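> So that we are looking at the same thing, I have put the structure below in structure tokens.
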Amino acid sequence: MPKQFINPTKLPSESTLTKTDLDTPFLAVDLEKFDSNVARLSQGTKDFDVHWRPHCKGHKSSIIASRLVAAGAIGATCAKLGEAEIMVRGGVPDVLIANLIVGENKLSRLAKLCKEGKPIVCIDHMDQAVPMNEVMLREGVQCRVIIEVNIGLDRVGCAPDKTLELARQLHAMPGLNFAGIMGYEGHLLTIEDQNEKRSEIENALKLLAENAKQLQEEGIPCEIVSCGGTGSYLLSRMQEGITELQAGGGMFMDQFYEQQCQVTGMKKALTIIATVVGRPTADRAIIDSGKKTLHVEYEPAIVVGRDDIQVTRLSAEHGELELTGDAQDLKIGDRVELVPGYADMTCVLHDFFYVFQNDTLVDIWPLEARGLLQ
């Protein structure tokens, strides 16, 4: 009979709970593999004299962000203002909000956050900057800002030839403290040929380096030149002029980063534990985990240690496995462990990380910023 585990926010003292004691599906973190990945990312940036500001958009946890700072990170990168509030109030004051903050409500919250921590906000247009400056002056604070530059992703960001003029205007605004620039080479992560990938990333990041040089020659401070996700960090970290990387997803590792981005040297620290609930045919099994449990649209999930089991289809709450060889002995009630196709979009489907060491539950990390989209 499984042990009763009622309150997921509090680990029982002297816990001896294992993976078999928790009801499925749940999100599991192998602490040894996680710490190994974190150490590798941290050292991998230090080796090139680049700071590490890992993204928290996937893990959404101030506990994890604090662990990363303890391991050498200078702060956190956030996708939304709500995430930044959680990180600052959870003990990580230096946060880059790699997004555009627009609207009176958000600007008022941002001004408050400037009194609590040290946020940095992206800007790519004066129509964002003018009201931000007004609110900061009204509230008696200064907010650090950086310009997001479009280096080829064609999502947000000013054109590289417009960066200098925008920087001049931002630098003159008393409510804003101009700190630098950033760009994201996300359109280059999955280039298969590694020589081509290296060349394309170098060309994209040269745009940032050239912009930074222009600003410095103009006498405009540019202490931050930020870029880099997990899928490109091995190459981005070695580019001249880059001061910090935002790579965060590698702490968990997943199929997308390994298969499509060809990131090497990381361990699969994040898994989903699922239960077989159906055996409709000899070569098929049904598990209690579907699209509301794990993300596979970028890359299929795999079953840990089982080449004879393939994840073939997911619906909302069911997963279908194709079985060959010994896997056809799988029974209803058996458990399988899956590596998600993409960790970032898997984590945000869950409220808690269940953290294990040698299969013993040692901690529970809530995703406090989950659902905070504003």
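> Among the candidates Gly175, Gly140, Gly183, which residue alone is over 29 Å from the mean Cα position of the chain (by Cα), modelled with pLDDT of 95 or more and open to solvent by less than 10 Å² (accessible area, probe 1.4 Å)?
Gly175
> In the range 217-239, which residues are polar (S, T, N, Q) and either modelled with pLDDT under 95 or in a loop (DSSP other than H, G, I, E, B) (or both)?
Those that are polar (S, T, N, Q) and either modelled with pLDDT under 95 or in a loop (DSSP other than H, G, I, E, B) (or both): Thr230, Ser232, Gln239.
> Related question: Quick one: Asp329 ticks every box in (1) free of Cβ contacts under 8 Å to residues at least 12 places away in the same chain; (2) surrounded by 13 or more Cβ atoms within 10 Å (Cβ to Cβ) except a single one, so which number is it?
(2)
> For Cys222, only one of the following conditions fails: (1) over 15 Å from Phe48 (Cα atoms); (2) touching a Ser or Thr at 6+ places or on another chain (Cβ under 7 Å); (3) not hydroxyl-bearing (Ser, Thr, Tyr). What is its number?
Only one criterion in (1) over 15 Å from Phe48 (Cα atoms); (2) touching a Ser or Thr at 6+ places or on another chain (Cβ under 7 Å); (3) not hydroxyl-bearing (Ser, Thr, Tyr) is unmet by Cys222, namely (2).
> Out of the range 158-181, which residues are assigned to a helix (DSSP H, G or I), over 19 Å from Ile242 (Cβ atoms) and among the polar types (S, T, N, Q)?
Answer for the range 158-181, where residues must be assigned to a helix (DSSP H, G or I), over 19 Å from Ile242 (Cβ atoms) and among the polar types (S, T, N, Q): just Gln169.
> Check Lys60, Lys118, Lys80 and return the single one that is under 21 Å from the mean Cα position of the chain (by Cα), charged (D, E, K, R) and closer than 18 Å to Ile224 by Cβ.
Lys118
> Restricting attention to the range 243-286, which residues are among the β-branched types (Val, Ile, Thr), touching an Asp or Glu at 6+ places or on another chain (Cβ under 9 Å) and more than 27 Å from Ile97 (Cα to Cα)?
If the condition is that a residue be among the β-branched types (Val, Ile, Thr), touching an Asp or Glu at 6+ places or on another chain (Cβ under 9 Å) and more than 27 Å from Ile97 (Cα to Cα), then Thr264, Thr271, Ile272, Ile273, Thr275, Val276, Val277, Ile286 are the ones that fit.
> Consider Val277 carefully, then state whether it is at pLDDT 95 or above and closer than 22 Å to Ala327 by Cα.
Yes; evaluated as a whole, the condition is true for this residue.
> Out of all the residues in the range 113-137, which are under 14 Å from Leu81 (Cβ atoms) and either assigned to a helix (DSSP H, G or I) or among the small types (Gly, Ala, Ser) (or both)?
Leu113, Cys114, Glu116, Gly117, Gln128, Met132, Val135
> Output the residues belonging to the range 259-293 that are in contact with a Gly (Cβ under 7 Å, 6 or more places away or on another chain) and closer than 19 Å to Gly58 by Cβ.
Within the range 259-293, Cys261, Val263, Met266, Ser289 meet the criteria.
> Here is a check on your reading of the model: is Ala167 out of contact with any Pro (no Cβ under 6 Å at 6 or more places or on another chain) and either open to solvent by 10 Å² or more (accessible area, probe 1.4 Å) or under 27 Å from Ser108 (Cα atoms) (or both)?
For Ala167, the condition - out of contact with any Pro (no Cβ under 6 Å at 6 or more places or on another chain) and either open to solvent by 10 Å² or more (accessible area, probe 1.4 Å) or under 27 Å from Ser108 (Cα atoms) (or both) - is met.
> Is it the case that Val296 is open to solvent by less than 50 Å² (accessible area, probe 1.4 Å) and free of Cβ contacts under 8 Å to residues at least 40 places away in the same chain?
Considered against the rule, which asks whether it is open to solvent by less than 50 Å² (accessible area, probe 1.4 Å) and free of Cβ contacts under 8 Å to residues at least 40 places away in the same chain, Val296 comes out as no.
The values are calculated or read from the model by the stated rules, or taken from the named source; none is laboratory data. Quantities reported herein were computed from a predicted structural model and do not represent experimental measurements. Cβ atoms come from the backbone with ideal geometry, glycine included; neighbour counts cover every protein chain shown. Heavy atoms of the whole protein, side chains included, go into the accessibility calculation; ligands, DNA and RNA do not. Shrake-Rupley method; radii C 1.70, N 1.55, O 1.52, S 1.80 Å.
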